[in-house]
């Protein structure tokens, strides 16, 4: 019984989010629930993303009464910080040692409107929407902002606090270290070739730093990499034991035989689970055409 993976829908929704709906069937009884639970955890906690975590505005007023305003800038400082928090970053994070911290800069002179396009980012990072508004400079004044970027995932402990630099004040920004905004799943049972099997439906919303399909593939690969630890060659296990068969007592040999039988059963079960995740992470599954996804058109099903 070969399970088939299908992209059922994919659209751009409000608030710059992307939506994808996926189906996998037929599955044996219990496999759909297992996949749903594990994928939920992997999607919400293991995906790596980049966020602005703090900002420092040059020449910010120190006076308590004028602290929220700067001469020549229309927006108050809290509004500028809120605009910076809303800017989403995307990139390829495979070569980064997580967690990784870097910096970006804004260096402009008014009068003009400062947008996300004006952020000088390190190599490999880009903004999702270059038109996002940051500030309006109404006079010919310099506007210099230093931004701290952290590349991390939700299941890694984010770095807390702000850089401690004498004479400079940093502001914390709202950082959410997951590109997943919502995940839903449903299971339907039906008859197939005389057996009761299951159909798993997945619905994924992302913040557009990654497509729902890419998120599904990355989460599946995370789980595959973890499951392969249980499928190491037997000879590696023996070499780690470092004890010859002749040196072991009879009871130890019987116990070892029992463990080997249990291991074979567990490896068989692990391979079954591994094959399920490979429907998304394997080489045979190709990413559907983005134009088809965003137009909401149905995409041809692909065998995993």
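Please treat every number below as a calculation from the coordinates, not as lab data. Values in this document were obtained by computation on a predicted structure and should not be read as measured data. All Cβ positions, glycine included, derive from the backbone under ideal geometry; neighbour counts span all protein chains shown.
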- Distance between modelled label sites at residue 192 and residue 226, nm, 7 Å Cα→Cβ extension: 2.5
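Between residue 169 and residue 181, what length comes free when the chain is fully extended (0.36 nm per residue of separation minus the Cα-Cα distance, one decimal in nm)?
Details: separation 12, 0.36 × 12 = 4.32 nm, distance 3.14 nm.
My answer for the length gained is 1.2 nm.
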- Round to a whole angstrom and tell me the spacing of the C-alpha centers of segment 62-141 and segment 11-57. 28
- Be a star and scan segment 86-120 for residues whose amide nitrogen sits under 20 Å from the point 7 Å along the Cα-to-Cβ vector of residue 138. 108-115
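Order 137-147, 213-223 from most to least packed using the mean count of other Cβ atoms within 10 Å. Working shown, then result.
On the way: 137-147: 16.2, 213-223: 21.5.
Highest-to-lowest ranking by the protection proxy: 213-223, 137-147.
Could the peptides 38-49, 76-87 be put in order, highest first, of the mean number of other beta-carbon atoms found within 10 Å of their residues? Provide the component values of the computation, followed by the final result.
Details: 38-49: 20.0, 76-87: 17.6.
Descending mean neighbour count gives 38-49, 76-87.
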- Segment residue 11-residue 74, extension gain: residue separation times 0.36 nm, minus the distance between their alpha carbons: 19.1 nm
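Between residue 45 and residue 58, what length in nm is gained on full extension when 0.36 nm per residue of separation is reduced by their alpha carbon distance?
Computed gain between residue 45 and residue 58 is 1.2 nm.
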